[in-house]
Each structure stands twice: as C-alpha cells, then as structure tokens.
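Have a look at the structure below before the remarks.
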Amino acid sequence: MEAWRRQLADPVSAFPVTKAGPAHIATLKTFDPPLAALEGRQFRGAERRGKRLLFPTGDGELVLLVHLMTAGRLKFLQAGEAGPKAPAFKVEFAGGAKLVLTENARKKRAGVWLLTPEAAAAELAHLGPEALGLDAERLGEILRRESRRLHALLRDQRSIAGIGRAWANEILHTARLSPYQLSTDLDDEEVERLVAAINEELARGLELRERGADDKKTYRVHNRLGQPCHVCGMPLAQVDFEEHTIYYCPDCQTGGRVLKDRRLSRLLR
C-alpha cells in the first residue's frame with residue numbers, strides 16, 4: 001500500500017478531476033456526497049492509513065477512500081494509454097489521464113468511499129497503530145492485551161494497521177515464531193525479534209515494490225508450498241486457520257512440528 005501511495009501521490013494531484021465513476025454497484029459504498037461532487041476538484045495527493053489509500057481534495061472538503069482488499073488493483077493510466085474496458089471504478093482527469101480500480105475476483109470485495117474529512121476519520125478510527133515504525137514497548141502492550149494466535153493478531157487491523165496475510169507469513173518466518181504461538185506467551189527477546197521482523201520485512205517489501213518487483217520476487221515464504229526455505233532448505237509447509245492459508249517453515253518456526261489444520265476442526269465442533 002505504501003508503495004502504491006508513493007507511486008500515485010504526484011500523478012493524481014497534477015490535474016483536476018473531470019469525471020468520477022462509474023463504479024460497480026458492489027464497489028461503491030457511499031452515495032452522499034455523490035461521485036459527481038469530485039468533478040472540478042483537484043486531489044492534494046495520496047495518503048495511507050493501514051491498508052487503505054486516501055485521496056483528499058485540495059479544498060479540504062472531500063476524501064476519496066479506497067480499500068483494495070485482496071484482489072483489487074489501482075493503476076494510473078496516462079492520456080491515451082489503454083485500460084480495462086469495465087473497471088470497478090475510475091476517475092478521469094483533465095488532459096486525459098485516468099485512475100482505474102480493477103478487481104479480478106468473482107466476489108467483489110474492494111471498496112470505494114467518498115466522504116467528508118470527519119466521516120473519513122470516523123471510518124478509520126478503529127485502526128491500530130501503523131506497523132512500520134512500531135517499537136518493542138508498544139508491540140508488547142498490544143501482544144499482552146489478550147491471548148491471540150500470532151498470525152491472526154498480526155492480520156487484525158484493529159490491533160496493528162497495515163499487515164495482511166502474506167506479510168504475516170513473511171514476518172513470522174523472519175522472527176522464527178510459530179503462527180500458532182500465543183501472543184501472551186512471548187518473552188521479551190521474542191517481542192524484540194518480532195518487532196524487528198515487522199520493520200525489516202515491511203521495509204524490504206517497500207523497497208522491492210518501488211523497484212517494480214512482483215509477488216514472486218517479493219515473497220520468500222508466502223504461497224511457496226513445498227519450495228525450500230531460503231534459510232534452512234526444508235520444504236515450506238501450509239496450514240489452514242480460520243479463513244486463511246498460512247505458509248511457514250517447520251524447521252525455522254515450529255521446531256520440526258507440522259501444524260494441524262484448525263479450519264476443519266473448528267467446523268466439526
């Protein structure tokens with residue numbers, strides 16, 4: 001998200017909006033103010049809060065909020081550049097450039113909101129502190145609030161904002177911690193390892209994304225079932241937990257133990 005924000009900040013603020021929309025019925029989450037209220041206004045740039053991108057108008061009256069979820073993609077198209085025939089949402093600028101949102105998934109989960117600054121602040125109020133830049137003291141406080149599996153806690157935007165399932169996999173591997181380990185069981189040294197891994201992995205990912213790296217070149221653990229661990233060489237494993245598939249190294253993270261699937265066991269209770 002941060003790489004996208006940096007990439008989009010200058011282009012979206014260069015020219016005023018000439019047309020906002022149309023938007024897929026499942027994508028647009030608000031109706032008042034209408035999208036037409038953006039027309040004639042100019043974005044101040046691009047901002048980010050957690051996994052959400054924000055495009056405030058220069059007059060301070062409106063904020064376009066975009067949540068890409070898992071399959072959403074944003075692209076800035078220069079004037080004359082070919083784009084998708086039916087994007088989930090688009091904004092057209094004076095001069096012919098466009099900002100388009102696509103979602104290559106059967107179920108449309110990405111969302112677009114047009115809000116006042118006050119409504120945008122309320123929409124984001126539930127988010128926890130930003131993951132990048134977190135220190136050990138604050139992380140320790142978050143971990144000890146309640147007993148949670150680490151992978152689930154890292155993905156919970158109310159606890160820590162900005163980490164998705166893929167980066168939770170990368171972070172826990174670097175920290176040498178089991179995805180199933182309970183947050184309240186971590187000692188001080190493990191908390192230090194975890195906060196270092198959060199900042200190290202997110203900084204690594206940001207650098208790679210800014211250089212144009214795709215998922216295959218960015219992720220070293222996520223979605224690499226059966227491939228050798230880049231640290232020890234053991235084949236990477238996967239396990240289902242809640243509604244997510246977790247990737248991990250049995251040697252680096254679980255002492256050689258293969259984790260049991262918690263999705264099926266939950267359904268059979």
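Summed over region 124-139, the residues that are more than 18 Å from the chain's Cα centre (by Cα) and crowded, with 17+ Cβ neighbours inside 10 Å give a count of 1.
Which residue, of 99, 77, 62, is more than 16 Å from residue 27 (Cα to Cα), touching a helix residue (DSSP H, G or I) at 6+ places or on another chain (Cβ under 7 Å) and open to solvent by less than 30 Å² (accessible area, probe 1.4 Å)?
Numbers: 99 fails: more than 16 Å from residue 27 (Cα to Cα); 77 fails: touching a helix residue (DSSP H, G or I) at 6+ places or on another chain (Cβ under 7 Å).
Step by step, each of 99, 77, 62 is checked, and only 62 is more than 16 Å from residue 27 (Cα to Cα), touching a helix residue (DSSP H, G or I) at 6+ places or on another chain (Cβ under 7 Å) and open to solvent by less than 30 Å² (accessible area, probe 1.4 Å).
With respect to (1) free of Cβ contacts under 8 Å to residues at least 40 places away in the same chain; (2) under 15 Å from residue 246 (Cβ atoms), the lone exception for residue 172 is condition (1).
This table checks each residue for (1) basic (Lys, Arg); (2) in contact (Cβ under 8 Å) with a residue 12 or more places away in the chain.
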site: 2; (1), (2): no, yes
site: 8; (1), (2): no, yes
site: 17; (1), (2): no, yes
site: 21; (1), (2): no, yes
site: 24; (1), (2): no, yes
site: 32; (1), (2): no, no
site: 49; (1), (2): yes, yes
site: 58; (1), (2): no, yes
site: 61; (1), (2): no, yes
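Let's see how each residue does on (1) under 24 Å from residue 207 (Cβ atoms); (2) over 20 Å from the mean Cα position of the chain (by Cα):
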residue: 1; (1), (2): yes, no
residue: 7; (1), (2): yes, no
residue: 11; (1), (2): yes, yes
residue: 15; (1), (2): no, yes
residue: 19; (1), (2): no, yes
residue: 23; (1), (2): no, yes
residue: 28; (1), (2): no, no
residue: 38; (1), (2): no, yes
residue: 41; (1), (2): no, yes
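For region 103-116, enumerate the residues that are under 22 Å from residue 37 (Cα atoms) and either open to solvent by 50 Å² or more (accessible area, probe 1.4 Å) or polar (S, T, N, Q) (or both). Passing the criteria: only 116. Residue 220 - would you say it is basic (Lys, Arg) and in contact (Cβ under 8 Å) with a residue 60 or more places away in the chain? Here the answer is no, as residue 220 does not meet what is asked.
Output yes when any residue across region 28-44 is closer than 30 Å to residue 213 by Cβ and small (Gly, Ala, Ser), and no when none is. Taking every residue of region 28-44 in turn, none turns out to be closer than 30 Å to residue 213 by Cβ and small (Gly, Ala, Ser).
Rundown of residues vs (1) part of a helix (DSSP H, G or I); (2) open to solvent by less than 10 Å² (accessible area, probe 1.4 Å); (3) farther than 25 Å from residue 257 by Cα, yes/no style:
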residue	(1), (2), (3)
118	yes, no, yes
122	yes, no, yes
153	yes, yes, no
158	no, no, yes
177	no, yes, no
194	yes, yes, no
199	yes, no, yes
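The residue list 30, 70 contains one member that is at pLDDT below 95, in a loop (DSSP other than H, G, I, E, B), of a type in the set (Val, Ile, Thr) and closer than 30 Å to residue 159 by Cα, which is 70. When residues in region 209-229 are screened for being touching a helix residue (DSSP H, G or I) at 6+ places or on another chain (Cβ under 7 Å) and buried (at least 16 other Cβ atoms within 10 Å of the Cβ), 7 of them pass.
The values are calculated or read from the model by the stated rules, or taken from the named source; none is laboratory data. Everything numeric in this text was worked out from a predicted model, so none of it was measured. Because the Cβ atoms are built from the backbone with ideal geometry, glycine has one as well, and the counts that use them run over all protein chains shown. When the accessible area is computed, the model is the full protein with side chains, heavy atoms only, and any ligands, DNA or RNA have been set aside. Shrake-Rupley method; radii C 1.70, N 1.55, O 1.52, S 1.80 Å.
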